[in-house]
Each structure stands twice: as structure tokens, then as C-alpha cells.
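Participant: I am attaching a structure below and will ask some questions about it afterwards.
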Amino acid sequence: MDLQESIAIVRNRIAAAAAKSGQSVSDITLVAVSKTVDSETVRQAYELGISDFGENRVQELTHKIDQFPQANWHFIGRLQTNKVKDVVGKVALIHSLDRWNLAERLNRRGLQQGVTVPCLVQVNVAGEEQKAGINPDEVESFLESLGQLEALRIYGLMTMAPILDQGEKARPVFKELYQIKEKVSKNRYNSVSLRYLSMGMSQDYEVAIEEGANIVRVGSAIFHPE
């Protein structure tokens, strides 16, 4: 299967899941996770209509941004505070704001550069010890605290479901994050607009969309289809 075909299959499945969930397919952002592919493959994907790419390593991210500044780049991995300077001002969205000291560092860098820093708050819905993210019961207080950081802009929530043999088994995780978003959206926070739910990867993005995701992070289904 070539890249054009795999992209078409993913887009068709996104459209079907969107229709099932009552969402408009135009409201769903496909982030192609390019961490396993070279720059030439990124170029091909961009020419085939992929505009958003995700990386989880800062060095690889900055390398590809330099080559493809016209694309929208997302940082989707755990961000170390000493790498903040390499990310702020360069990415469309940071998906993995998961702790207060990172928020402070991002804010400080944003103020220094005179830019706002677009983020999603990562929530560890599944409660996996090896996964980053704040606890679900801390989301409201965390959003309240983030409101005092002038450079941050919080655009939604992100979670990672456990890697399961069937995407359907991840549904409760996605359903819970949607419920959290609905609950906290009733409150008012400074610099918070919960417009995005980033959840779902290659093995479960259709289920995630059915449960309200409007950003999906798909890598292997695009670049390494079976």
C-alpha cells in the first residue's frame, strides 16, 4: 500500500466516524505522527494534503520544522523543561502540558519572546503509572491555576489510552475525557477555551472520534500500514 492510499483510507475512516458521532469531518484535525519517518516521507505526505504533523522528540521536531516551516507542527511527547526554549514560538500546539513547573517555564519563555503558548492539558484518564498527565480529579484546579500565567493559552485536553488489542476497549477512556471536558467547560477560567479533545491513535482513532475527539494523532496507519 502506498502513502496516498493509506492517507485516503484514514481520511475515509475519519469521515465515517465523524458522521457516526454527529461531528463535521471539517472540524477534525488529523495530525500525522511523523516520528518514525524521514523528511522525504514528510514532504510526500504534505504534498498529498497532510498539513499537520506531530513529533515527540524536540531534536527531530526542530529539524523537520526547519525543512517544512509551512506545515503545522504539534509537539506530542513529554516535554522536558530544558527543551522549552526550542519549542515555544515554533509549534501550533503543545499536547502534553502535564505539570505546574512545565507550565511556569512555558509561560516565562512566552513572555520573554512576546508570544502566546498554545497548549492542551494532558490527563491520565487510564491511571497508568508509566503515563504522564494530571489526575482527572485535578483538572478543574489545574485549569484555575493556569489562568494566572499570562502567556499560556489552553485550548483543550489530551489523553492517551492504553495500548489494547482492540480499539473498542479504549472507549471508556475517551468517554471519560469527554465527560471531564463537558463538566469543566461550565466554569470560566482565564485564557482557557476547551475547543479541542486530542485523543485516539492508529489503533483507536475511530472510537475516539465517536466519543468526541476532534484531534487524532495517527502514525503507523499512515506511514506503516499493515
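Participant: Counting other beta carbons within 10 Å of each Cβ, put SER26, SER193, SER202, SER96 in order, fewest first.
Facilitator: Listing SER26, SER193, SER202, SER96 from fewest to most nearby Cβ atoms yields SER26, SER193, SER202, SER96.
Participant: Calculate the length of the line joining the C-alpha centroid of the range 141-207 to that of the range 1-61, in whole Å.
Facilitator: 20 Å
Participant: Still on this structure, I have one more. Quick one: the Cα spread of the range 125-203 along its three principal axes, in angstroms, biggest first?
Facilitator: Cα spread of the range 125-203 along its principal axes, largest to smallest: 42, 23, 21 Å.
Participant: So for VAL207, VAL25, fewest C-beta neighbours within 10 Å to most, what's the order?
Facilitator: Ordered by Cβ neighbours within 10 Å, fewest first: VAL25, VAL207.
Participant: Can you report the principal axis dimensions of the range 54-99 using only the alpha carbons, biggest first, rounded to whole angstrom?
Facilitator: 30, 16, 16
Participant: Name the residues of the range 107-131 whose amide N is less than 19 Å from a point 7 angstrom out from the Cα of ASN190 along the C-beta direction?
Facilitator: 107-121
Participant: Next question. Average projected area of the Cα convex hull of the range 30-133, in nm²?
Facilitator: Averaging across all directions leaves 6.9 nm² for the Cα convex hull.
Participant: Report D for the range 3-219 in µm² per second (integer): Stokes-Einstein, Kirkwood Rh on Cα pairs, 37 °C, 0.692 mPa s.
Facilitator: The calculation lands on 188 µm²/s.
Participant: Still on this structure: Could you put ASP38, ASP204 in order, starting from the residue whose Cβ has the fewest other Cβ atoms within 10 Å?
Facilitator: Going from least to most buried by this count: ASP38, ASP204.
Participant: OK, next. ARG153's amide H: which non-local residues (gap 5+, or another chain) put their own amide H closer than 5 Å, with H modeled 1.01 Å from N in plane and none for Pro or chain starts?
Facilitator: VAL117, CYS119
Participant: So if I average 1/r over every pair of distinct C-alpha atoms in the range 17-65 and take the inverse, what Kirkwood radius in Å does that give?
Facilitator: Final number for the Kirkwood radius of the range 17-65 is 12.2 Å.
Participant: Take every DSSP beta bridge whose two residues both sit in the chain, then give the antiparallel share in percent to the nearest 5.
Facilitator: Antiparallel: roughly 0 percent of the beta bridges in the chain.
Participant: Rounding to the nearest 20 debye, state how big the charge dipole of the range 77-134 is about its Cα centre with +1 on each Lys and Arg Cβ and -1 on each Asp and Glu Cβ.
Facilitator: Result for the range 77-134 is approximately 280 debye, rounded to the nearest 20.
Participant: Also, I was wondering about something else. Can you find, among SER26, VAL184, HIS95, the residue sitting farthest towards the positive end of the charge dipole of the chain, where Lys and Arg contribute +1 and Asp and Glu -1 at Cβ?
Facilitator: Result: VAL184.
Participant: Nearest 20 debye, what's the magnitude of the dipole of the chain about its Cα centre given +1 on Lys and Arg Cβ and -1 on Asp and Glu Cβ?
Facilitator: It comes to approximately 680 debye.
Participant: Helix-only estimate, please: 222 nm mean residue ellipticity of the chain, summing -39500 (n - 2.57) across DSSP H runs of length 4 or more and dividing by its residues, to the nearest 500.
Facilitator: Calculated from helices alone, the mean residue ellipticity at 222 nm is -11000 deg cm²/dmol.
Values quoted throughout were computed directly from the atomic coordinates according to the rules given, and no laboratory measurement underlies them. The model shown is predicted, which means the values in this text are computed figures rather than measured ones. Reconstructed Cβ throughout: ideal geometry from the backbone, glycine too, with neighbour counts over all protein chains shown.
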